[in-house]
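Worksheet: one structure, shown below.
The values are calculated or read from the model by the stated rules, or taken from the named source; none is laboratory data. The model shown is predicted, which means the values in this text are computed figures rather than measured ones. Don't worry about glycine lacking a Cβ; one is built from the backbone with ideal geometry, like all the others, and counts go over all protein chains shown. All accessible areas refer to the heavy atoms of the entire protein, side chains included, with ligands and DNA or RNA removed. Shrake-Rupley method; radii C 1.70, N 1.55, O 1.52, S 1.80 Å.
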Amino acid sequence: MVTRKSSNQIAIMRRAGRVVAEMHAEARRVAVVGATTGAIDRACRAVLDRRGARSNFLGYHGFPAVACVSVNDVVVHGIPGDRVLAEGDIVSVDCGAIIEGWHADAAITVAVGAVDDESRRLIATAEAALAASIEQCVEGGTLGDLGAASMAVVRAAGFDYLREYTGHGIGTEMHEPPEVPNYGKPGKGLRLKAGHVLAIEPMVTAGRPGVRTLDDGWTVVTLDGSRAAHCEHTVAITDRGPEILTRP
Ligand code: MG
Ligand code: MG
């Protein structure tokens, strides 16, 4: 069920990962006060075109864009469009690329102009939770180690994590087994081996737990309207430790 990728296959995924990193660099440049969420999507699309890569988001169960663009209380799966970014917003950009049939998937959360302290801390916590999980991506470690590390960072910051959505394996499909929860118990769950490639994606909320999906069938918002941050990398487990494939 959980496949192991060869070093040649990981090399292709690394190329896809670099395209995703470039999409994020463009998204950061575009995500300023007065820009629309649609402009972020178009910037990501331009990178895919320039690099000859395909989108794994566009058309996925009918998703209409190459990036999920999620503002403030939208946790994930926001549809880019006419919404104009305002000073103090936080916006997550989740996107991916396919090269020669191999996928990469990553997300960042960006501050638009000057944001309040809680929002800044929320983004930093999602990034730290992701980093803590990645540190656990070693042969002989377990998925429970990843989840426990992420959860500990989020709890220490006084925030909460989403139970409803998880990370995932990735390879010739964007979503492959296993599920990669952002919570867990050390030593429990799948034992990691070289060649496993995981998309790890903590989703951190500032308020009470619980989300719902809007009538568009995509947009996931917090029930209490509190803000959320989402970060993701595609990570290969190698015999030399973790390799982040979606790093610039
Ligand atoms: Mg993603
Ligand atoms: Mg993902």
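Screening the range 82-108 for residues that are on the phi > 0 side of the Ramachandran plot and small (Gly, Ala, Ser) and picking the one that is nearest to ligand 2 (Cβ to nearest atom) gives Gly101. Taking the numbered list (1) under 13 Å from Val76 (Cα atoms); (2) touching a strand residue (DSSP E or B) at 6+ places or on another chain (Cβ under 8 Å); (3) open to solvent by 40 Å² or more (accessible area, probe 1.4 Å); (4) away from ligand 2 (no atom under 16 Å from the Cβ) in turn, Gly217 passes all entries but (2). Selection of the range 169-210 for residues being within 18 Å of Ala229 (Cα to Cα) and either of a type in the set (D, E, K, R) or within 16 Å of ligand 1 (Cβ to nearest atom) (or both) yields Val180, Pro181, Asn182, Ala199, Ile200, Glu201, Pro202, Met203, Val204, Arg208. Among the strands (runs of 3 or more DSSP E) contained in the range 1-113, which hold 1 or more residues that are without any contact (Cβ under 8 Å) to a residue 24 or more places away in the chain? Correct list: 102-111. Taking first residues from the range 136-154 that are under 22 Å from Ala229 (Cα atoms) and open to solvent by 10 Å² or more (accessible area, probe 1.4 Å) and partners that are part of a helix (DSSP H, G or I) and at pLDDT 95 or above, the Cβ contacts under 6 Å between residues at least 6 apart in sequence or on separate chains come to Gln136/Asp145; Gln136/Leu146; Gln136/Ala149; Ala149/Ala132; Ala149/Ser133; Val153/Ala128; Val153/Ala129; Val153/Ala132.
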